[in-house]
Amino acid sequence: MKSLTLAAGAMVLVGPLSAANGAVFTVGGPLSRLCYESALSQDGRRFAVEGCTRALQEEGLLAPDRAATYVNRGILHMVAGHARDADADFNAALALDADLSDAYLNKGFLRIRQGKGREALPLLQQGIDRGARRQAVAYFARGVAYEQMGEFRSAYADIKRARDLEPRWNLPNEYLSRYVVSSR
């Protein structure tokens, strides 16, 4: 009988799971557009967050754009290390749009950055189930969450799936190279 034995190398910081992958495009106005661009570039400086806050306060955003702006501001808070503020913004986005996959994914990324893989799993699954634009990123994140929990078989399967979904994305291959696969 053969079995699959997996072992992962040392944990790598989850910086590559940067929330920039989850920035949400908005057409609301110039401030919300700037907020989006700041989230894409992971600009966690105070003035970037303030620009998002101004967009939420001053621009007459429709609900989808308001939700996107909350996600983008949450990303900036996360990058700056303000987990409580990030979580509040992701929750505000979900209150406006309970199907916003990027809000779930970014909440999951936040939990992973906090070393809370078990809490990240259902959030990441919600993002996957709600049609995350970059499924590879979602599966990769779920793999990292499994890895944090010591569930290496599931981690390996998800990271491999991420690689298969986006073969040109190098990060899954980097993670997979830390695994030793043997049959017993």
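The values are calculated or read from the model by the stated rules, or taken from the named source; none is laboratory data. Bear in mind the structure is a predicted one, so any value in this text is a computation, not a measurement. Counting neighbours? That spans all protein chains shown, and the Cβs are built from the backbone with ideal geometry, glycine included.
Counting only residues that are crowded, with 16+ Cβ neighbours inside 10 Å, modelled with pLDDT under 95 and over 17 Å from ASN106 (Cα atoms), the stretch 56-87 holds 2 of them. Inside the stretch 40-50, residues that are part of a helix (DSSP H, G or I) and out of contact with any Cys (no Cβ under 8 Å at 6 or more places or on another chain) make up a count of 6.
Considering only the stretch 164-184, state which residues are part of a helix (DSSP H, G or I) and of a type in the set (Gly, Ala, Ser). None - no residue of the stretch 164-184 is part of a helix (DSSP H, G or I) and of a type in the set (Gly, Ala, Ser), so the list stays empty. Of the listed requirements (1) part of a helix (DSSP H, G or I); (2) surrounded by 19 or more Cβ atoms within 10 Å (Cβ to Cβ), THR53 misses just one: (2).
Checked against (1) of a type in the set (D, E, K, R); (2) surrounded by fewer than 24 Cβ atoms within 10 Å (Cβ to Cβ); (3) touching a residue at least 40 places away in the same chain (Cβ under 8 Å), GLU37 passes all but condition (3). Within the stretch 94-109, restricting attention to residues that are free of Cβ contacts under 8 Å to residues at least 60 places away in the same chain, under 24 Å from GLU151 (Cβ atoms) and not basic (Lys, Arg), the residue that is surrounded by the most Cβ atoms within 10 Å (Cβ to Cβ) is GLY108.
Scanning the stretch 147-162 for residues that are surrounded by fewer than 22 Cβ atoms within 10 Å (Cβ to Cβ), under 12 Å from LEU176 (Cα atoms) and among the hydrophobic types (A, V, I, L, M, F, W, C) turns up PHE152, ALA157. In this entry, ASN91 is excluded by the filter for residues that are at pLDDT 95 or above, polar (S, T, N, Q), buried (at least 22 other Cβ atoms within 10 Å of the Cβ) and within 28 Å of LEU56 (Cα to Cα).
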